[in-house]
Amino acid sequence: MVQAKAWLLAKHFDGFPTESNFELKLEQLPEPKDGEVLLEAVFLSVDPYMRPFSRVRMNEGEVMIGTQVAKVIQSKNAEFAVGSHVVGRCGWRTHTVCDTTGLTPVMVDWPEDVSLSLALGAIGMPGLTALYGLEEVLGLQAGETLLVNAAAGAVGSVVGQIAKIKGCRVVGSAGSDAKVAFLKELGFDRTINYKTVGSLDQALREAAPEGYDCYFENVGGQFSSVAIHQMNNYGRIAVCGCISLYNDTTPQTGPYPHLTMIFKQLKMEGFMQSRWEHKHPESLKRLMAWMKEGKLQCREHITEGFDNMPAAFMGLLQGENTGKAIIKV
Ligand SMILES: NC(=O)c1ccc[n+]([C@@H]2O[C@H](COP(=O)([O-])OP(=O)(O)OC[C@H]3O[C@@H](n4cnc5c(N)ncnc54)[C@H](OP(=O)(O)O)[C@@H]3O)[C@@H](O)[C@H]2O)c1
């Protein structure tokens, strides 16, 4: 019999998460039945969506939602061999007994010299989000100027690099000098530290005097209110996330974008990467190929130890990570 550790949502978040929102539980797992597998987590993901989704998708006392790369350590399902790896929506747990619903085998020809943790990052959900936001939502064209915020994070860092591959001019905003230095390493044309810049409006204008054709929105709130004025006529905005609003207890209010949207005839579209799930296998191959060609760099911020998951999650919401935030068990 295997003992699993699991992090529960002890109490719904109210404002910024604290240790008291989480509870560590030990569970004795049953033997897998026919069709089931026993998984052991190798890498787990902490993501911003967990904060807003917990409120709408979870009850108190449930295991925190989340995805992991896990090794199959017992199998009563011929399609999942012992020793193989899967990406699974198992939540924050070290071991899981489950039927194979929601499990995706890691890409068959995953190269031996590439860490499997990237299946939670650039060669996984965040990479796919970047790709679909640029191609399906924005329809980014060579020669255009793109703005992306939270640019040194899991999604943003891939957004900027794909936009460079596509022959665009890229301006990235991030929250520290070290992050901005990282963006320069990645080939971003202009960078902004939004925390230290005197006037964000002026910095955005100086970074792209010709204006922005496309805006990949990860942050929302005040940043968005400033940036929208710098869009070119007929500009496109992909609303991927709004992390600056996730911990609000009282909703932020205006300025509202409507007049600017009308005068500049802007198009704004929210999206979730899952809309293009049918394209995932092909898209993951494209991301992997770019990485192997050296066109896509994948930085990770690794926290050691399952017990440190809540701290890693809170760190992510405070901007501690450069690249994808990962927990190594
Ligand atoms: N629509 C979808 O399908 C989809 C899928 C994945 C992710 N997302 C969204 O995409 C965004 C980025 O996600 P990610 O996984 O790549 O996370 P991430 O960028 O790796 O990490 C979050 C980053 O957000 C920034 N941040 C945190 N609080 C902030 C605040 N109050 N104001 C401004 N910036 C703040 C921090 O960077 P700084 O130091 O630069 O502030 C932090 O490092 C999130 O909004 C997420 O919800 C959407």
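Values quoted throughout were computed directly from the atomic coordinates according to the rules given, and no laboratory measurement underlies them. Keep in mind it's a predicted model, so treat the numbers as computed, not measured. Every residue, glycine as well, gets a Cβ built from its backbone with ideal geometry; the counts of neighbours run over all protein chains shown.
Measuring between their Cα centroids, the range 158-191 and the range 89-116 lie 30 Å from each other. Taking a ≥ b ≥ c as the square roots of the eigenvalues of the Cα gyration tensor, the range 125-274 is rounded, since a/c falls below 1.5. With θ taken as phi - 60° and the Karplus curve 6.51 cos²θ - 1.76 cosθ + 1.60 applied, the whole-hertz 3J(HN,Hα) list for the range 66-75 is x, 10, 9, 9, 10, 9, 6, 10, 9, 9 Hz, x standing for glycine and proline.
For the chain, the Cα gyration tensor yields ellipsoid semi-axes of 36, 23, 17 Å (square root of five times each eigenvalue, largest first, whole Å). With R₀ set to 25 Å, the beta-carbon distance separating Lys76 from Thr104 gives a calculated FRET efficiency near 0.85. Scaling against 2.2 N^0.38 Å puts the C-alpha radius of gyration of the range 27-113 at 1.14.
Over the chain, dividing the summed -39,500 (n - 2.57) contributions of all DSSP H runs of at least 4 residues by the number of residues returns a 222 nm mean residue ellipticity of -7000 deg cm²/dmol. Close amide H pairs (under 5 Å, H built 1.01 Å from N) link Gly323 with Gly153, Ala154, residues at least 5 positions away or on another chain. Each residue of the range 112-122 was assigned a 3J(HN,Hα) from its phi angle through the Karplus curve 6.51 cos²θ - 1.76 cosθ + 1.60 (θ = phi - 60°); the sequence is 5, 8, 10, 4, 5, 4, 5, 5, 9, x, 5 Hz, with glycine and proline shown as x. Across the range 125-274, the mean sequence separation of Cα contacts (distance under 8 Å, 6 or more residues apart), normalised by length, yields a relative contact order of 22 percent. Once backbone amide H atoms are built at 1.01 Å from N, Asn232 has Tyr212, Asp213 as its partners under 5 Å, excluding neighbours fewer than 5 places away on the same chain. In the range 1-84, taking the dipole from charged Cβ atoms about the Cα centre, the farthest positive-side position among Pro32, Gly83, Trp7 is held by Trp7. Remark: for residue pairs Lys292/Lys328; Lys76/Lys285; Lys264/Lys292, the C-alpha separation exceeds 32 Å in Lys264/Lys292. Result for the chain in a Gaussian network model with C-alpha springs under 10 Å: among Gly156, Gly187, Gly127, the largest mean-square fluctuation is at Gly187. Computed from phi, the 3J(HN,Hα) profile of the range 97-111 under the Karplus parametrisation 6.51, -1.76, 1.60 (θ = phi - 60°) reads 9, 7, 6, 8, 4, x, 9, 10, x, 4, 2, 4, 9, 4, x Hz, with x in place of Gly and Pro.
Taking Cα centroids, how far is the range 242-308 from the range 13-64 in Å? For the range 242-308 versus the range 13-64, the Cα centre distance is 22 Å. Build a GNM of the chain with springs between Cα atoms under 10 Å apart, and of Pro255, Pro310, Pro52 the one that fluctuates most is Pro255. Using the Cβ-Cβ distance between Glu304 and Val197 with R0 = 30 Å, the FRET efficiency computed as 1/(1 + (r/R0)^6) comes to roughly 0.35.
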